[in-house]
Structures are given as C-alpha cells and as structure tokens.
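See structure below.
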Amino acid sequence: MIVWGDGSPTREFLYVDEAAEGILLAAEQYNGSQPVNLGSGMEISIKDLAEMIARLTGFTGKLVWDTTKPNGQPRRSLDTSRAESYFGFRARMPFDEGLRRTIEW
C-alpha cells in the first residue's frame, strides 16, 4: 500500500462518542464567545498510525512511503484547555481502543 510522504507529521484524533459528548456539554453549559477546541490531547505520527491500522486490521502487505508526495502540515494538535475549564470536557478514550472500536464498526 502506498502512503504519501514520509510518515513524520503528527495528527490528533478524537473518538466519535467523545466528540458527541463534548458537543452536548458545550451546548448545555457554555455560553461564551471564545472558540473552544475538542480533542484528545494525544498526537500520533502518520507512520505510527498507518502501522497500527495495518496491525489491527490484519493487513499483511507492505507499507511503501512515497516521499515524492507531500507530507502535509507537520503537526496538528489542539489546545483543549478551554473545553476542560469552561464545561468540564476531557477525552478519556485511549487512542488504540478508539481505533480498534472504529475498525470493528
């Protein structure tokens, strides 16, 4: 399987059930004008993510990193401190468990 870039950029993911919970909490408890980020606070490299998906799905092929293709933004991580302080939201789902559940779904 060909994967673009070298796998070094990082991304942050939030499990869907927790995203829904955060949105409901914000709708019920937050009436401010400041933007609020919902996130997990955990980053994973694209390389580690691709390898984890391959392992969890039983993929036995080879991941080929196409470094002639762009990596994209080097890092995407959110400051979620406002969500916790304004309406008590903090993600709790471990990344690997959320990914496993998503794959099973």
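The values are calculated or read from the model by the stated rules, or taken from the named source; none is laboratory data. What you are looking at is a predicted structure, and each value in this text was computed from that prediction instead of being measured. So basically every Cβ, Gly included, is an ideal-geometry build from the backbone, and we count neighbours across all protein chains shown. Just so you know, the surface numbers come from the protein's heavy atoms only, side chains and all, with ligands and any DNA or RNA stripped out. Shrake-Rupley method; radii C 1.70, N 1.55, O 1.52, S 1.80 Å.
Is there a residue in the stretch 29-44 that is in contact with a strand residue (DSSP E or B) (Cβ under 8 Å, 6 or more places away or on another chain), more than 18 Å from residue 87 (Cα to Cα) and of a type in the set (S, T, N, Q)? No, there is no match, as no residue in the stretch 29-44 is in contact with a strand residue (DSSP E or B) (Cβ under 8 Å, 6 or more places away or on another chain), more than 18 Å from residue 87 (Cα to Cα) and of a type in the set (S, T, N, Q).
The rows are residues; the columns are (1) farther than 23 Å from residue 4 by Cβ; (2) not basic (Lys, Arg).
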residue: 19; (1), (2): yes, yes
residue: 26; (1), (2): yes, yes
residue: 31; (1), (2): yes, yes
residue: 62; (1), (2): no, no
residue: 72; (1), (2): no, yes
residue: 85; (1), (2): yes, yes
residue: 91; (1), (2): yes, yes
residue: 104; (1), (2): yes, yes
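Here residue 94 passes the criteria (1) free of Cβ contacts under 8 Å to residues at least 40 places away in the same chain; (2) under 20 Å from residue 12 (Cα atoms); (3) over 17 Å from the mean Cα position of the chain (by Cα) except the one numbered (3). Taken over the stretch 81-96, residues that are closer than 16 Å to residue 20 by Cα and touching a Ser or Thr at 6+ places or on another chain (Cβ under 8 Å) amount to 4. Within 30 Å of residue 2 (Cβ to Cβ) and in contact with a Pro (Cβ under 7 Å, 6 or more places away or on another chain), is that true of residue 46? Yes; evaluated as a whole, the condition is true for this residue. Just one of the listed residues (99, 78, 38) is within 20 Å of residue 17 (Cα to Cα) and in a helix (DSSP H, G or I), and it is 99. Does residue 51 count as under 28 Å from residue 72 (Cα atoms), open to solvent by 50 Å² or more (accessible area, probe 1.4 Å), outside any loop (DSSP other than H, G, I, E, B) and of a type outside the set (Phe, Trp, Tyr)? Here the answer is yes, as residue 51 does meet what is asked.
Of all residues in the stretch 54-75, those satisfying the criterion of being of a type in the set (D, E, K, R) and assigned to a loop (DSSP other than H, G, I, E, B) are 62, 69. Across the stretch 16-45, the number of residues qualifying as more than 27 Å from residue 65 (Cβ to Cβ) and of a type in the set (Ser, Thr, Tyr) comes to 2.
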